[in-house]
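Structure first, commentary second.
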Amino acid sequence: MCYYTQQNASIEDLKRRFNAELDNEETYLQSDFINGFSHPNIPVILNSSPHLITTDYTWGLLPSWAKDIEFRKNTLNARIESIDEKASFKNITHNRCLIIASAYYEWHWNDEKGKSKDKYQINSQDDEIFTFAGLYSSWTDPVTDEIKNTYTMVTTKANRLMDFIHNHKHRMPIMLKKQDETAWLDQSVAITEFAFPYEGNLIALPSN
């Protein structure tokens with residue numbers, strides 16, 4: 001699964017890359033290492049507003065029926081093979097988003113329990129700035145009535161390269177090809193079109 005990313009592009013680079021405006025420069029997240037379990041507000045683009053880069057969504061999807069905010073630690077990722085069956089995702093498959101990144105990180109286990117691991121940084125060979133396939137939702141806190149906007153990253157079966165690196169889970173996030181980003185945002189395109197063997201052109205290098 002994918003829980004660690006990088007988003008080090010400048011605001012101006014993102015505006016040019018996506019021909020879009022940014023909703024809030026003050027909350028713009030730029031970092032070489034982003035931990036999904038901190039539930040960061042990585043910039044995303046929603047299919048409801050494709051010409052706007054928003055920073056108002058945090059990683060870890062809260063379905064409308066979630067009892068409390070702690071649920072989001074279970075929904076950093078969504079498996080594409082079961083996305084239409086899982087209660088957390090099956091009613092929001094039309095809510096699609098692009099999760100913006102410049103890299104992500106995964107670990108190769110050198111033993112059965114992962115006591116020894118090698119870290120890899122994975123980038124797109126085609127674009128310095130790329131996107132992951134995501135789904136989004138809004139949740140109302142039952143205690144405070146505060147609305148939280150959240151998203152999840154969609155994953156698929158690992159290709160050959162990621163099968164070697166992510167050798168304990170054999171998964172990878174769906175890194176979209178630039179020319180397919182519009183198709184992912186189009187809810188009339190079946191989600192299954194983006195399951196393995198669909199894959200972006202990626203490269204992986206050992207990382208500290």
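The values are calculated or read from the model by the stated rules, or taken from the named source; none is laboratory data. The structure displayed is predicted, hence computed values, not measured ones. Counting neighbours? That spans all protein chains shown, and the Cβs are built from the backbone with ideal geometry, glycine included. Just the protein is used for accessible areas: all its heavy atoms, side chains included, with ligands, DNA and RNA removed. Shrake-Rupley method; radii C 1.70, N 1.55, O 1.52, S 1.80 Å.
Scan region 158-182 for residues that are open to solvent by less than 30 Å² (accessible area, probe 1.4 Å), not in a loop (DSSP other than H, G, I, E, B) and not basic (K, R) and jot them down.
Hits for region 158-182 are M162, I165, M172, P173, M175, L176, E181.
Please work out if I99 is closer than 18 Å to I174 by Cβ and either at pLDDT below 95 or among the hydrophobic types (A, V, I, L, M, F, W, C) (or both). Write out each step before concluding.
Details: closer than 18 Å to I174 by Cβ: yes; either at pLDDT below 95 or among the hydrophobic types (A, V, I, L, M, F, W, C) (or both): yes.
Yes: the conditions hold for I99.
Any idea which residue in region 108-124 is nearest to Y3 (Cα to Cα), counting only those that are not basic (K, R) and not in a strand (DSSP E or B)?
G114
Can you say whether A133 is of a type in the set (A, V, I, L, M, F, W, C) and open to solvent by 10 Å² or more (accessible area, probe 1.4 Å), as far as the supplied structure shows?
no
Scan region 11-32 for residues that are of a type outside the set (G, A, S) and open to solvent by less than 90 Å² (accessible area, probe 1.4 Å) and jot them down.
Across region 11-32, the qualifying residues are I11, D13, L14, K15, R17, F18, L22, D23, N24, T27, Y28, L29.
Residues D127, D118: which one is acidic (D, E) and farther than 12 Å from M175 by Cα?
Answer to the selection: D118.
Got a sec? Which strands (runs of 3 or more DSSP E) wholly within region 11-107 have at least 1 residues that are without any contact (Cβ under 8 Å) to a residue 40 or more places away in the chain and in contact with a Lys or Arg (Cβ under 8 Å, 6 or more places away or on another chain)?
Of the strands (runs of 3 or more DSSP E) lying wholly inside region 11-107, none has at least 1 residues that are without any contact (Cβ under 8 Å) to a residue 40 or more places away in the chain and in contact with a Lys or Arg (Cβ under 8 Å, 6 or more places away or on another chain).
Within the set of pairs 6+ apart or on separate chains, which have a first residue in region 122-142 that is within 11 Å of S102 (Cβ to Cβ), a second that is assigned to a strand (DSSP E or B) and open to solvent by 40 Å² or more (accessible area, probe 1.4 Å), and C-beta atoms under 7 Å apart?
Once the first residue is within 11 Å of S102 (Cβ to Cβ) and sits in region 122-142, its partners that are assigned to a strand (DSSP E or B) and open to solvent by 40 Å² or more (accessible area, probe 1.4 Å) give N123/I203.
Can you tell me which residue among I11, I34, I80, I53 is at pLDDT 95 or above, over 23 Å from I122 (Cβ atoms) and of a type in the set (A, V, I, L, M)?
I11
Checking the conditions here, which among T192, T150, T144 is touching a helix residue (DSSP H, G or I) at 6+ places or on another chain (Cβ under 7 Å) and either open to solvent by 20 Å² or more (accessible area, probe 1.4 Å) or not aromatic (F, W, Y) (or both)?
The match here is T150.
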